[in-house]
Amino acid sequence: MDLNQFQERLFEAGRNVGFTDMECYTRKREQFSCRLFEGAIDSYESAELFGLSFRGMFAGKMGYAFTERIDEEAISYLLENAKENALILKMDDEEDIFEGSSEYRADNYLSEALQEVTPQEKIAFLMDVERQVRAYDPRVTGIPYCTLGSSSQERSIRNTRGLALRDAKNEIYVAVGVKVEANGEVKSGSVYQATIDFESLNASEIARKICEEALGQLGSKVIPNKTYPVLFRSDVAAALLATFVPIFSAENVQKGRSLLAGKLGSRIGVDALTIVDHPFLPDGLASRNFDDEGFASRELKVVEKGTLLSFLHNRKTAKKDGVESTGHARKAQFNGSVSIAPSNLYIEPSDTSCDDLVASIDDGVLVTSLSGLHSGANPVSGEFSLAAHGYHIANGQIAEPLNQLTVAGNFFAVLQSIQAIGADLEFHPAAGGSVGAPSLVIQELSITVET
Amino acid sequence: MFAKSVIEEVLEAALSTGGDFSEIFVEDRRSNRLLLQGGKVEISNSGRDFGIGIRVYHGLNSVYTYTNDASKEGMLKAARNAAAAVQGDERASVAPLADRSIPSIHPIRWNPLDVAKSRKVDVMRRAYEIAYGYHEKIQQVMISSFDEEQNVLVANSEGTFAEDKRIRSRLAIQSIAVDGEKYETGFYGPGAHQGFEFLEGLDLYHYASEASRIAVTMLGAEPCPSGNFPVVIDNEFGGVIFHEACGHGLEATAVAKNNSVFANRIGEQVAPEIVTYIDDGTIANEWGSLTMDDEGEPTRRNVLIENGILKGYLIDKLNARRMGMSPTGSGRRQSYRFAPTSRMTNTFIAPGRSTPEEIISNTENGIYAKYMGGGQVNPATGDYNFAVMEAYRIENGKVTTPLKGATLIGNGPKTLQKVDMVGNNLGHGAGMCGSLSGSIPVNVGQPMLRVSEITVGGTKGAE
């Protein structure tokens, strides 16, 4: 049974058992990945996946069910379970099936060039990365992981109210870790780079970046535990912002899980802070013409010159607030419920170079990696206390590397105490979309260095 | 699920280009998820995941393909795709398949798939009422329940053909306490390799009030100071620190490639004598338990560290080859979308002799980590970090002020060496562990114990 036939049979059978409006959301995915160890292919994976999520109105309530198989049995499974699920729901704000936006852009985010790259070319590239990392310096003693993956995904939404949308996109990523040792000290470096442009990946650049990051950490020292001005490098600033993106979700605001509730039109950050969500970036990893409810995407200013202008909405939260959806409905997995996530959301860069940012600090800390973001940060209260690696900045220059440390503060205070913004915008795939930031200097945060 | 002859044909096809071992993993999983929020069922979703994964080894190289096209043609195509990535000289053959399924060691009374969702909602509602009614400052409570039946078949070219049914149930309670702009959460998420009887038999009063008590307590917490302190870590989920700091470093995934600080150290004293660390997948009905692993190997009790001496690792089939050792029943994966690798099941520090009262009263100026949050480790360096969900100051042998925003950082092997008291109150806590082969249910566990010194990073700064 092909998908079209299946959907027609499902909708017909659904009507017969009492469903009114119905919808199918599908994702079809092809993926490839390989991992190297000591110059040889250690693992090689390829996959074809398909998933269909059904939802339908039964007795005025929306029931959900999903399947990865489309066959005769799946039709009755979906309908029976969606019906039972609908019947136990007790919802004030009913969902409905969407007939579609009046207009859609037809931008293409599937890179034909990337589709053409063969597994052999991908493996050859990764081999080159691994070789260059190994040869970079005699202090390189291990490559804990060296992985490349690519995927292409087709998405479709079809319902009984006449909506029929389809799109496709692809991407490729490289993830490499390196271990370096000297005088009994062990340090590591890592990189995760994702793009839709295979040509933009540069093996020697990747090797240099992670090796320098790890080698630079050797000979690490301790500085007194106190508050310091902190420079978050762009990739780290993006990861921090991504962790706190849920504060902009209207769903969290409505459920009392965001301290930004009631702050629309208020100042939440410094003058220099502008945050935008741009769904049509040509090379954006989360670019799209419509969201997971089929709502047409559009550009959105979330924060302008420090003032909060909008939350991220899906249709349900927009209805509740009496506004229009901003096109940020997101299903993390094909079978999950509709939530909210950004597309390409970022802090607008300035024209100050990262070197100038360093030069502006007398006695501070440069943070080059953060970990424990999933556990050491509270997106509701804004509090964070995170493990980090980085360097001491003394008299406007990067000085000695520091032992593992923690950097602690509150994100809402961070937005109000950004002292300078860099020009070096970098994106971080996260928060269900893609989140970007330039390097940021924060007035003061609490630093504790492991002894 | 499939005839042996079809499986044999697929295993043959996977070996057609000279691989020396092939394996097929078939998975059929039905699951239910419910979310009760503000006293109302907000999400109810059910579904069926179905797919196959095919693995081929050629020496130490491994190829994995997976698909949810489980027709015979689909499986053969996946097998040939896997074979296409192998170039070997000799063609191995598939040994006659013999049924090696073993009876489940985790008895199930009520399959959750046969229980009406409304009965699950009844339990959730009871938990909701307890948690919500705990205190006037509790503003929101979210109760979620999850259950699944996972049917797996593992067959390989060595003749293994083994099926297993895993049934799991979990209830998660999240309470949110609010006071002005202060907002704190408390969480408790018990789970088991068990049916609906687990939910019905749960001490809801205990779990739901604890979640709310944590949230309310943390409203009155002070910012945590930073510096080095003796840290007393309580039992159950407190074990997460050694799960991260040691457990991951004992997985063959890290050890086989010499990426672990514990590699090549069997027989060495890696911890004080009072520390014994065990991974046991056979404990009846525990959240991390299995009858057989995802490579068809029966689970077992693996003593990793005994009286401080490193005894063994957690080893999957492929890494067993690399290490020249035997698999330990530790090959696990989230689903057919992941190739299996060595993972933990129920991992814990064995009980010692000290009572919890002795440990606290012997600590002059320290931190008491009552409930741990999550954490992370870098296996290459052993550096870890952890959030503490509920922490207190210990002053002159007494637990005093609650503290918020406490993060512990350090180095796993060094922290292990600094364990100086081990309590007698072993307890286990359920969690999800994410790694190379996906997110899987595991238990972490320990009795209360003390580490003589850990670096604590807090928002208050140095004192």
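The values are calculated or read from the model by the stated rules, or taken from the named source; none is laboratory data. Note that the coordinates shown come from a computational prediction; the quantities given were computed from them, not determined experimentally. Backbone-built Cβ (ideal geometry, glycine too); neighbour counts: all protein chains shown. Each accessible area value is taken on the protein alone, full model and side chains, heavy atoms only, with ligands, DNA and RNA left out. Shrake-Rupley method; radii C 1.70, N 1.55, O 1.52, S 1.80 Å.
Excluding residues fewer than 8 places away in the same chain, name every one of the aspartates and glutamates whose C-alpha is closer than 17 Å to that of residue B:311.
B:251, B:268, B:273, B:279, B:280
So how exposed is residue A:330, as accessible area in Å² (1.4 Å probe, rounded to 10)?
70
Can you compute the modelled spin-label distance between residue A:324 and residue A:1, with each label point 7 Å from Cα toward Cβ, in nm?
So the two model labels end up 3.9 nm from each other.
What translational diffusion coefficient, in µm²/s and rounded to a whole number, does the Stokes-Einstein relation yield for the range B:48-133 at 4 °C and a viscosity of 1.567 mPa s, taking the hydrodynamic radius as the Kirkwood radius over Cα pairs? If you can, show how the numbers build up before the last one.
Details: Rh = 18.0 Å.
Estimated via Stokes-Einstein, D reaches 72 µm²/s.
Rounded if a/c is under 1.5, else prolate if a/b is larger than b/c, else oblate: which is chain A, with a ≥ b ≥ c the root eigenvalues of its Cα gyration tensor? Walk me through the numbers on the way to the answer.
Working: a/c = 2.33, a/b = 1.47, b/c = 1.59.
Note, shape of chain A comes out oblate.
Of A:28/B:4; B:370/B:418; A:263/B:460, which ones are farther than 25 Å apart at the Cα? Don't skip to the answer; put the middle values down first.
Numbers: A:28/B:4 30 Å; B:370/B:418 19 Å; A:263/B:460 27 Å.
Correct reply: A:28/B:4; A:263/B:460.
Per residue, how much accessible area does chain B have with a 1.4 Å probe, in Å²? All intermediate terms of the calculation are to be shown ahead of the outcome.
On the way: 15620 Å² over 463 residues.
On a per-residue basis, chain B sits at 34 Å².
Trypsin sites (Lys or Arg not before Pro), restricted to the range B:316-378: which are DSSP loop and have at most 14 other Cβ atoms within 10 Å? Provide the component values of the computation, followed by the final result.
Numbers: sites: B:317, B:321, B:322, B:332, B:333, B:337, B:343, B:353, B:370; in loops: B:333, B:337, B:343, B:353.
Listed in order of number, the matching sites are B:353.
Using a 7 Å offset from the Cα along the Cα-to-Cβ direction at both residue B:40 and residue B:150, what is the distance between the two label points in nm, to one decimal?
3.4
Tell me the Kirkwood hydrodynamic radius of the range A:229-336 in angstroms, computed as one over the mean inverse distance between distinct C-alpha pairs.
Values: mean 1/r = 0.0668 Å⁻¹.
Averaging 1/r across every pair of different Cα atoms and inverting gives 15.0 Å.
Let me know the whole percent of all Cα-Cα pairs from the range A:112-216 that are separated by more than 18 Å. If you can, show how the numbers build up before the last one.
Numbers: 2956 of 5460 pairs.
Counting every Cα pair in the range A:112-216, those more than 18 Å apart make up 54 percent.
Between residue B:365 and residue A:8, what is the spin-label point distance in nm, taking each point 7 Å from the Cα along the Cα→C-beta axis?
The answer from the label model is 8.0 nm.
Among rounded, prolate and oblate, which fits the range B:222-462 when a ≥ b ≥ c are the square roots of the eigenvalues of its C-alpha gyration tensor, a/c under 1.5 means rounded, and a/b larger than b/c means prolate?
Numbers: a/c = 1.86, a/b = 1.81, b/c = 1.03.
The shape class here is prolate.
Note down the net charge around residue A:192, summing +1 for each Lys or Arg and -1 for each Asp or Glu among other residues with Cβ under 13 Å from its Cβ. Walk me through the numbers on the way to the answer.
Working: positive: A:209; negative: A:171, A:213, A:235, A:426.
With Lys, Arg at +1 and Asp, Glu at -1, the neighbours total -3.
What does the charge count around residue A:140 come to, taking other residues whose C-beta lies under 15 Å from its C-beta (Lys +1, Arg +1, Asp -1, Glu -1)?
Values: positive: A:131, A:134, A:139, A:179, A:187, A:208, A:209, B:257; negative: A:38, A:130, A:137, A:181, A:185, A:212, A:213.
Within the 15 Å Cβ shell, the charges total +1.
What's the carbon and sulfur percent of chain A's accessible surface, probe 1.4 angstrom, rounded to a whole number? Mind showing how you got there, number by number?
Numbers: 8260 of 17560 Å².
Taking all protein chains in place, chain A shows 47 percent carbon and sulfur surface.
Separation of the range B:280-295 and the range B:103-126 by C-alpha centroid, Å?
Their Cα centres are 19 Å away from one another.
From largest to smallest, what semi-axes in whole angstrom does chain B give when each is the square root of 5 times an eigenvalue of its alpha carbon gyration tensor?
Numbers: eigenvalues 334, 162, 59 Å².
Calculated on Cα positions only, the semi-axes equal 41, 28, 17 Å.
Which entries in A:90/B:117; A:319/B:117; B:40/B:404; B:137/B:182; A:122/A:331 show an alpha-carbon gap greater than 20 Å? The partial results should precede the final answer.
Details: A:90/B:117 13 Å; A:319/B:117 29 Å; B:40/B:404 31 Å; B:137/B:182 11 Å; A:122/A:331 29 Å.
Over 20 Å apart, Cα to Cα: A:319/B:117; B:40/B:404; A:122/A:331.
Taking θ as phi - 60°, what are the ³J(HN,Hα) couplings along the range B:385-402 by the Karplus curve (6.51, -1.76, 1.60), each to the nearest whole Hz, with x for Gly and Pro?
Taking θ as phi minus 60°, the curve returns 9, 9, 8, 9, 6, 10, 10, 9, 7, 10, 10, 6, x, 10, 6, 10, 5, x Hz for the range B:385-402.
In Å², nearest 100, what accessible area do chains A and B bury in total when the solvent probe is 1.4 Å? Don't skip to the answer; put the middle values down first.
Working: alone 20550 and 18480 Å², together 33180 Å².
Buried: approximately 5800 Å² between B and A.
Take the range B:4-219, drop everything but the C-alpha atoms, weight them equally and run the Debye formula without solvent; then report log10 I(q)/I(0) at 0.09, 0.13, 0.17 Å⁻¹ to two decimals.
For the range B:4-219, the Cα-only Debye profile gives -0.53, -0.79, -1.01.
Based on the alpha-carbon gyration tensor of the range A:226-449, what equivalent-ellipsoid semi-axes (square roots of 5 times the eigenvalues) come out, in whole Å, largest first? Walk me through the numbers on the way to the answer.
Details: eigenvalues 194, 57, 51 Å².
Largest first, the range A:226-449 gives 31, 17, 16 Å.
Using r as the Cβ-Cβ distance of residue B:463 and residue A:397, and R0 as 35 Å, what FRET efficiency do you calculate, to the nearest 0.05? Don't skip to the end; give the middle numbers.
On the way: r = 31 Å, r/R0 = 0.87.
After rounding to 0.05, the efficiency reads 0.70.
Give me the accessible area per residue for the range A:343-396, probe 1.4 Å, as a whole number in Å².
Working: 1820 Å² over 54 residues.
Ligands and nucleic acids excluded, the figure is 34 Å² per residue.
What full-extension length gain, to one decimal in nm, is calculated for residue A:416 and residue A:266 as 0.36 nm per residue of separation minus the Cα-Cα distance? Mind showing how you got there, number by number?
Details: separation 150, 0.36 × 150 = 54.00 nm, distance 1.22 nm.
Stretched out fully, the residue A:416 to residue A:266 stretch lengthens by 52.8 nm.
So how far, in whole Å, is the C-alpha centre of the range B:8-25 from the one of the range A:61-89?
36
Find how many whole Å separate the alpha carbon centroid of the range A:336-394 from the alpha carbon centroid of the range B:407-463.
25
In a shell of Cβ-Cβ distance under 14 Å around residue B:197, excluding residue B:197 itself, what net charge do Lys and Arg (+1) and Asp and Glu (-1) give? Present the calculation step by step, with values, prior to reporting the outcome.
Numbers: positive: B:109, B:119, B:120, B:168, B:170; negative: B:114, B:147, B:200, B:203.
For residues surrounding residue B:197, the net value is +1.
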